[in-house]
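Participant: Below you'll find the structure I mean.
The values are calculated or read from the model by the stated rules, or taken from the named source; none is laboratory data. On a predicted model such as this, the values are computed, not experimentally measured, just so you know. All Cβ positions, glycine included, derive from the backbone under ideal geometry; neighbour counts span all protein chains shown. For the accessible areas, the whole protein counts, side chains as well, though only heavy atoms, and no ligand, DNA or RNA atoms are used. Shrake-Rupley method; radii C 1.70, N 1.55, O 1.52, S 1.80 Å.
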Amino acid sequence: MLCPSRDTLQNKLQHAAKPGELSPFSHSQKPKQAELITPSPFELVICGLTLVLDSFWNERCVMQSNSIGHVLVILAVWLVSFNVQSSQNDLREVSFYTEEYPPANFQKDGKIAGHSVEILMQASALVGEPISESQLTLQPWSLSYSTVLTQKNSVLFSTTRSAHRENLFQWVGPIVDVKLVVLARKDSNIKIDDPIQMANYRIGVIRDGIGEQTLLELGIPRYSMQEGTHATVLVEQLMKKRIDLLVYGERGAYWWSKQAGVDPSLFETIYILQEGSIYFA
């Protein structure tokens, strides 16, 4: 699906299509014949997420009332113009899967929290079909990842965008920048000048995570990796010298070390594998 930009939406809204007319959502600027497209609430929330994120970062992470109102008007006009509210295309039928990846998404006081969750909730409210907490599932990354790949009407967040995953999902974002790094204990004195050197060590990775996928693309053999489903377990293994290296998002790794009761000053970043962003997918 192609989400129009804010400027494009503003121009098209001046001539919003009435039911039965050619939809501005058409992917072709010069269609050979009229194409009637009625975007579903699921498609609208994806476009809504894009607009909310645009406002979120353009306002320096402060969603001011005029920005919210701007997006609300746009999506409200789309809803009225295309009459998309129907039981078969109900946003409440969409499932959202995530993992513990602070500060974007994590569990706090028994509830799923984080700035990714806040953005998702605000975007769904803007299209008139607010998502309920019961639609959110927080579970190990590998399970959420495989579920969304095989289940229709499902969304995965927060997902690092990569060449390997590019054609597997539709991407909405970015939410925030991330840095995928290699961590080691300071007392290990391990130095990495070339990624292939990591094959000489025991590497902790999240199963099906961006770290594992990146290492495989770089030619690191799978037998050098020790998979885990939770970052705290890998942090503990690193400090107990059961693994030599940990590949994970830098901010998240330091956050998890504190949750595991490990002093983050005991380890260090020795190599940057990738700098990118996380998205809704």
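Participant: Send over a whole-number figure in Å² for the accessible area per residue of segment 187-243, probe 1.4 Å.
Facilitator: Solvent-accessible surface per residue comes out at 52 Å².
Participant: As a test question: what accessible area, to the nearest 10 Å², does ILE272 have when a 1.4 Å probe is rolled over all protein chains in place?
Facilitator: Looks like 80 Å² after rounding.
Participant: Net charge around GLY211, counting only other residues with Cβ within less than 12 Å of its Cβ (Lys, Arg = +1; Asp, Glu = -1)?
Facilitator: With Lys, Arg at +1 and Asp, Glu at -1, the neighbours total -3.
Participant: Moving to a separate point now. How charged is the neighbourhood of PHE267? Take every other residue with its Cβ under 10 Å from the Cβ of PHE267, and add Lys/Arg as +1 and Asp/Glu as -1. List each step's numbers first, then the result.
Facilitator: Numbers: positive: ARG185, LYS186; negative: ASP187, ASP263, GLU268.
With Lys, Arg at +1 and Asp, Glu at -1, the neighbours total -1.
Participant: So for segment 120-267: antiparallel DSSP bridges make up what percent, rounded to the nearest 5? It would help to have the intermediate numbers written out before the result.
Facilitator: Numbers: 6 of 12 bridges.
In segment 120-267, approximately 50 percent of DSSP beta bridges are antiparallel ones.
Participant: Here is a further query. Just to be sure I understand: if I project the alpha-carbon convex hull of segment 159-227 onto a plane and average over all orientations, what area do I get in nm²? Display every interim value, and only then the final one.
Facilitator: Working: hull surface 22.1 nm².
With the hull built on Cα positions only, its mean projection is 5.5 nm².
Participant: Along the positive direction of the dipole of segment 97-181 (beta-carbon charges: Lys, Arg +1; Asp, Glu -1; about the Cα centre), which of PHE157, LEU168, SER134 reaches farthest?
Facilitator: LEU168
Participant: Percent of accessible area on segment 150-281 owned by carbon and sulfur, 1.4 Å probe?
Facilitator: 45
Participant: Just by accessible area at a 1.4 angstrom probe, what is the order of TYR201, TYR97 from largest to smallest?
Facilitator: Accessible-area ranking of TYR201, TYR97, largest first: TYR201, TYR97.
Participant: Continuing with this model, one more query. What is the sum of charges, Lys and Arg at +1 and Asp and Glu at -1, for the other residues whose Cβ falls under 14 Å from the Cβ of SER144?
Facilitator: Overall, the nearby charge balance is -1.
Participant: Only Lys, Arg, Asp and Glu count, each charged at its Cβ (+1, +1, -1, -1), so figure out the dipole size of segment 121-253 about its Cα centre, rounded to 20 debye.
Facilitator: Rounded to the nearest 20 debye, it is 360 debye.
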